[in-house]
Amino acid sequence: MDKKRLNILVIGSGGREHAIVNKCLESPLCKNVIAAPGNGGMEEIIECFPIPADSVEELVKLAKDEKVDFVIVGPEIPLCLGIIDALSSVNIPAYGPKKDGAQLESSKTFCKDFFERHKIPTAKYQSFNSLEPALEYIDHNTAPIVIKASGLAAGKGVIIAENKEDAKSAVHSMLIDETFGDSGSNIVIEEYLEGEEVSIHVIVSDGSYLCLSPSQDHKRVGKNDKGPNTGGMGAYAPTIIINDSLQKEIELSIIIPTIEGLEKDGINYNGTLYAGLMLTKSGPKILEYNVRFGDPETQVLLPLIEDDFIALLYASALNQRLPVSIKISDEKCMTVVIASQGYPMAYPKGEPIYLPKTLPDKTSIIHAGTKLDSNNTIISNGGRVLNIISRDSDISKAARKIYSVCNQIQYKSKYYREDIAQKEIKRLEK
Ligand code: AMP
Ligand code: GLY
């Protein structure tokens, strides 16, 4: 591996990117790190440039102007717009897949056809561009049934319809009322899968891969998984539901066929494969791939990595083989997302936030939707605002540390779920 020290640019503004910046700061490979656009927490520690994550041309210009040696792309939008291709054309190594590979996330139809072509276990499905055949398909199948906008919809384009009537109205709203704009002009209708949901993040480079700890997110906004879907309200890793033999089965039936399938399709895929899996009675099945790290999963995966995480990403950007294994802590890591009351619908912004001066052992605060005002006070600036993260050999202790911090944080519209990791704690008690 190239041992020169790197000027790194991190693209994005969420908790995921703040966690990546923290890893850069502790990496022996890193000379300096900057971010675009960043958030209040990143602004406190590094230089941030106010360029949105979807302004590909401006970001490439920034990387050239600032003599950046390595770019780490956080969110999916710049990947789907082809930022890796653009950086590659000016010879700047960057972590993430090119536009062809990013289609796994930018088009659910592409992704499902890929699963079918390569015999990767997934829910039975069909995709549609027009109303009549979609309605007919619903008539010939049983409810519950899942309707998905094929394009990017910020995690909101999936409707689980309890009956055929709701399914038909979801199809109508996507194809005719265009509720998801162009993202819903093509839809996937698929079988509802029952089971426990789990995510596995995989770093891929030159056909080699490394799996990070299996994690669980909490997608619904409310306690006991009630209310609308969000980007994720809390996470933990590793989860005990994935034991060694299940991990092996997932790698053999899903991860390896994916990497081989990409190669067969002529896609040179380097970057993250974030597999959203359902553990069904008939074995693990894949719901979807994301082509970037999850948020808030990244915030619990990175603190467990004891080797140089940035070196792994840089190796992938250079298309080098990855090590066969890495050192992972045997602790548990957990995060609770502090959001603004109202999220994922309308919520207030611009409220001052007061953080505790001291934190418990192995506990940290990462920023998401925050910024610094003209007096350098932290104010809220998004739906998901902060992440409280803690590590411990015992996940209940990590939870107690986190909730004591959540309680001390002061800001008017503070909201968080009080039951993050409760399912795992109960499983461990059995
Ligand atoms: P996706 O964006 O495809 O991951 O879907 C968002 C969420 O909808 C997933 O995390 C699942 O909780 C749920 N979901 C998606 N597809 C299915 C399915 N076929 N069966 C059951 N739940 C699903
Ligand atoms: N936490 C879900 C996601 O990053 O898509």
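List of remarks:
- Within the range 388-418, the set of residues being among the polar types (S, T, N, Q) and outside any strand (DSSP E or B) comprises 393, 396, 404, 407, 408, 413.
- Just one residue in the set 261, 234 is in contact (Cβ under 8 Å) with a residue 60 or more places away in the chain, more than 18 Å from the chain's Cα centre (by Cα) and buried (at least 17 other Cβ atoms within 10 Å of the Cβ); that residue is 261.
- Within the range 293-306, being within 14 Å of ligand 1 (Cβ to nearest atom) and surrounded by fewer than 23 Cβ atoms within 10 Å (Cβ to Cβ) holds for one residue alone: 294.
- Considering (1) away from ligand 2 (no atom under 14 Å from the Cβ); (2) outside any strand (DSSP E or B), the lone condition that residue 333 does not fulfil carries the number (2).
Yes or no, residue by residue, for (1) touching a Cys at 6+ places or on another chain (Cβ under 8 Å); (2) away from ligand 2 (no atom under 16 Å from the Cβ); (3) at pLDDT below 95:
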position	(1), (2), (3)
169	no, yes, yes
175	no, yes, yes
184	no, yes, yes
237	yes, no, no
240	no, yes, no
256	no, yes, no
270	no, yes, no
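- Inclusion of residue 222 among residues that are closer than 27 Å to residue 295 by Cβ, more than 15 Å from ligand 2 (Cβ to nearest atom), among the small types (Gly, Ala, Ser) and touching a helix residue (DSSP H, G or I) at 6+ places or on another chain (Cβ under 7 Å) is not warranted.
- Condition check for residue 141: more than 23 Å from the chain's Cα centre (by Cα) and exposed (fewer than 15 other Cβ atoms within 10 Å of the Cβ): no
- Failed condition for residue 127, given (1) surrounded by 16 or more Cβ atoms within 10 Å (Cβ to Cβ); (2) within 12 Å of ligand 1 (Cβ to nearest atom): (2)
- Of everything listed in (1) buried (at least 19 other Cβ atoms within 10 Å of the Cβ); (2) touching a residue at least 60 places away in the same chain (Cβ under 8 Å), the single unmet condition for residue 222 is (1).
- Selection within the range 264-292 - hydrophobic (A, V, I, L, M, F, W, C) and more than 15 Å from ligand 1 (Cβ to nearest atom): 267
- Filter pass, residue 159 being over 21 Å from residue 290 (Cα atoms) and touching a helix residue (DSSP H, G or I) at 6+ places or on another chain (Cβ under 8 Å): no
- Residue in the range 198-218 that is at pLDDT below 95, touching a strand residue (DSSP E or B) at 6+ places or on another chain (Cβ under 7 Å) and under 30 Å from residue 143 (Cα atoms) present: no
- Pair list, Cβ < 8 Å and 6+ apart or interchain, from the range 115-134 residues that are without any contact (Cβ under 8 Å) to a residue 12 or more places away in the chain and more than 17 Å from residue 174 (Cα to Cα) to residues that are surrounded by 15 or more Cβ atoms within 10 Å (Cβ to Cβ) and of a type in the set (Ser, Thr, Tyr): 116/122
The values are calculated or read from the model by the stated rules, or taken from the named source; none is laboratory data. In this text the structure is predicted, and so the values were computed from the model without any measurement. Ideal geometry is used to build each Cβ from the backbone, glycine not excepted, and the neighbour counts take in all protein chains shown.
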